[in-house]
1. Output the residue which, of all residues in the stretch 94-123 that are part of a loop (DSSP other than H, G, I, E, B) and open to solvent by less than 10 Å² (accessible area, probe 1.4 Å), is nearest to Gly84 (Cα to Cα).
2. Do the conditions hold for Ala161, that is, is it of a type in the set (A, V, I, L, M, F, W, C), outside any helix (DSSP H, G or I), out of contact with any Pro (no Cβ under 9 Å at 6 or more places or on another chain) and modelled with pLDDT under 95?
3. Name the pairs: first residue in the stretch 51-78 and within 16 Å of Gly25 (Cβ to Cβ), second residue in a helix (DSSP H, G or I) and open to solvent by 80 Å² or more (accessible area, probe 1.4 Å), Cβ to Cβ under 6 Å, at least 6 apart or on different chains?
4. Suppose we filter Gln82, Gln28 for residues that are surrounded by 14 or more Cβ atoms within 10 Å (Cβ to Cβ) and polar (S, T, N, Q); which single one remains?
5. I need the full set of residues from the stretch 185-231 which are buried (at least 23 other Cβ atoms within 10 Å of the Cβ) and among the basic types (Lys, Arg), in order please.
6. I need a count of the residues in the stretch 42-77 that are at pLDDT 95 or above, open to solvent by 50 Å² or more (accessible area, probe 1.4 Å) and closer than 21 Å to Thr13 by Cα.
7. What's the number of the only condition in (1) touching a helix residue (DSSP H, G or I) at 6+ places or on another chain (Cβ under 6 Å); (2) in a helix (DSSP H, G or I); (3) under 27 Å from Asp40 (Cβ atoms) that Tyr169 fails to meet?
8. Just to check your reading of the model, which residue among Glu167, Glu234 is among the charged types (D, E, K, R), open to solvent by 10 Å² or more (accessible area, probe 1.4 Å) and under 22 Å from His144 (Cβ atoms)?
Amino acid sequence: MPLPTSDPALDDTELGVARAALAQGRRQPARSLLARTGDDWDRRAHRVAVLALEPYAAAWAHEWLLADPACADAAVLLALAQVGRVLRGQEDAAVARAACREAAELAPADPTPWLGLLRLERDSGAEAVRIFEEVRSRHRDHHHAHHLMVARLAERRADGAPDPLHEVYDFAAWAAEQAPADSPLAILPVVAHAERYRVLAAHGFAPPDPAASGHWRDGRARDVMKAAFDWWLEWEHDGREHDGHPRHLIDLNFLAHAKVCEGSGAEAAALFHHIGRHATPEPWSYPDRDPHRAFHAARAAVVGTGTPPSD
C-alpha cells in the first residue's frame with residue numbers, strides 16, 4: 001500500500017493539476033477549473049480553498065480582479081486567500097472580512113464567501129451562528145461549514161469534564177438527521193466525537209493517546225460509530241459510495257480513526273483500503289501528534305504496511 005500523503009486536493013486530480021500550474025505561475029488552468037465547477041457548492045468551496053493555499057494566490061487573484069472587476073471567481077479566490085493569510089498571521093482580519101463581503105455581493109447565491117467569514121470566527125458565538133445560517137440558506141448541507149461549526153461547538157465549556165450530553169453531539173445528530181439519506185453529513189456525529197476528544201485532551205481531561213482514552217467506547221459513541229459505518233456500507237455495497245463528494249476522504253479518515261480508537265480493526269481496515277494514500281491531518285493530529293506517523297501506525301496495526309516512515 002502506498003505511503004500516505006496529506007495533499008489538500010485529496011483525490012481531485014483536476015484540482016491537483018490546476019494547483020500545480022498555479023504554483024508555476026500558469027493561471028489559466030485554475031480559471032478554467034473554477035468556471036467549470038459552477039454551482040456545485042461543496043466542490044467549489046473545496047477547490048477555492050485549496051487554490052487559496054498557494055503563497056501567491058492573493059496577489060494573483062487581486063490582479064485578476066483588477067482586470068475583471070465583475071469576476072466572482074476572482075473575488076472569492078481573493079477572499080479565501082486573504083482568510084488564509086489571516087489564519088497564518090500575515091493579514092489583518094478586517095481586510096479579509098471586507099474581501100469576503102465584496103465576493104458575496106458579486107455572487108449572492110454563493111455560500112463560499114460566507115464560508116470564508118465563518119473560518120475567521122474563532123468561537124461558536126452569535127456571529128458564528130449567524131454566518132453559518134447564511135451559508136446554510138444558500139446550501140443547506142454545506143459540508144465544510146458543518147465541520148467548522150462542530151469544531152467550534154466542541155470548544156464550548158473547554159475547561160469542563162467529559163459530558164455525554166455536550167451540545168456538539170446534539171448539533172451533529174440534528175445535522176445528520178436533517179440531511180438527505182445519501183449525504184456525507186451522516187458522518188458528522190463521528191466528527192463531533194473526535195473534535196470533543198481534541199478539546200478534552202488539550203485540557204487534560206483525556207489521555208494524549210486517543211486509542212487509550214476510552215472516548216470511543218461508551219454506549220453512545222458505539223451507537224454513533226455503528227450508524228456511520230452502516231451508512232457507509234449501504235452506499236458502498238449499492239455501488240453508490242459517495243466518492244463523488246469532494247471531501248468524502250475527510251469523512252473516511254474520521255471514521256477510520258474512530259474505528260481504530262474503538263478497537264474495530266476489521267472495519268478500520270476496510271476504510272483504510274478505500275482511503276488509500278489520502279491521509280488528512282484531522283483527526284490523526286489530535287490532540288498534538290504527527291498526523292503522518294499516527295496514520296501510518298494505525299493503518300499498519302490493522303492492515304500491515306511495512307516499515308513506518310522515518311523522522
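1. My answer is Pro111.
2. Taking the combined requirement at face value, the residue satisfies it.
3. none
4. It is Gln82.
5. Arg196
6. So the count comes out to 2.
7. Among (1) touching a helix residue (DSSP H, G or I) at 6+ places or on another chain (Cβ under 6 Å); (2) in a helix (DSSP H, G or I); (3) under 27 Å from Asp40 (Cβ atoms), the lone unmet condition for Tyr169 is (3).
8. Of the residues listed, the single one that is among the charged types (D, E, K, R), open to solvent by 10 Å² or more (accessible area, probe 1.4 Å) and under 22 Å from His144 (Cβ atoms) is Glu167.
The values are calculated or read from the model by the stated rules, or taken from the named source; none is laboratory data. Keep in mind the model is a prediction, meaning the values are calculated, not measured. Note that each Cβ is placed from the backbone with ideal geometry, even for glycine, and that neighbours are counted across all protein chains shown. What goes into the accessible areas is simple: the full protein's heavy atoms, side chains included, and nothing from ligands, DNA or RNA. Shrake-Rupley method; radii C 1.70, N 1.55, O 1.52, S 1.80 Å.
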